[in-house]
1. Using a simple charge model, +1 on the beta-carbon of Lys and Arg, -1 on the beta-carbon of Asp and Glu, nothing else, what dipole does region 21-84 show about its Cα centre, in debye to the nearest 20?
2. What does the extension gain come out to for VAL108 and ARG140, with contour length at 0.36 nm per residue minus their alpha carbon separation?
3. Express in whole angstrom the spacing between the alpha-carbon centres of region 106-121 and region 17-34.
4. Would you mind getting me the FRET efficiency between PHE99 and HIS32? Use the beta-carbon distance for r and R0 = 41 Å, nearest 0.05.
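Taken together, the values in this text are just the output of simple stated rules run on the coordinates, not laboratory data. What you see is a predicted model, and the numbers here were worked out from it, not measured in a lab. Note: ideal-geometry Cβ built from the backbone for every residue, glycine included; neighbour counts use all protein chains shown.
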Amino acid sequence: MVNAVRSEQDESSMDPEQLARQCAEVMWSTDHASQGLGMRIEHIGPGEATLTMTVRQDMVNGHGICHGGFITTLADSAFAFACNSRGTVTVASGIQIDFVEPGHLGDVLRAEAREVVLRGRSGVYDVTVRREGTVIAVFRGRSRSLNRALLQQTNPASANATPSGPVPTNPVQMNSAIKEQA
């Protein structure tokens, strides 16, 4: 878990790709919601993120398709990693999602988030959720920065956490570390 408070110099010396990865590591370390749903981080970059999730039996609704709430959660998680990739704590101020195709048991859903515009403390992000190349949902998220440095904050959840070794340095290692903890 991440306990250390990082200095402004550390953040300013990182290139945008390094900063995005470091922000993702800090967020992933306590993102129990995304981890609990079996999400995997496939890509992180400045203003962008790709996450995947396999539709499990407990995600299927009474119509035999993936519940829209789980698809929304996958898109929202990709949005969160994208809008926090620049080093500032950022939250959603609103979302809209349109479902165009169903997801089914066993499908691997892929949510690709990208920054559309970032002005001051406000941003707009689009997320496309696909199943094997077929678009199943289109999500638009609006973000608002809280004007706090993401990497400078001490992780309050880690105070009660059991140490789990060093924080992984890339998304693939993050996913491997989660499997080891299970």
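1. Numbers: 3 positive and 6 negative charges, 19 e Å.
For region 21-84, the charge dipole is close to 100 debye.
2. Full-extension gain reported as 9.4 nm.
3. 15
4. Working: r = 26 Å, r/R0 = 0.63.
Once rounded, the FRET efficiency stands at 0.95.
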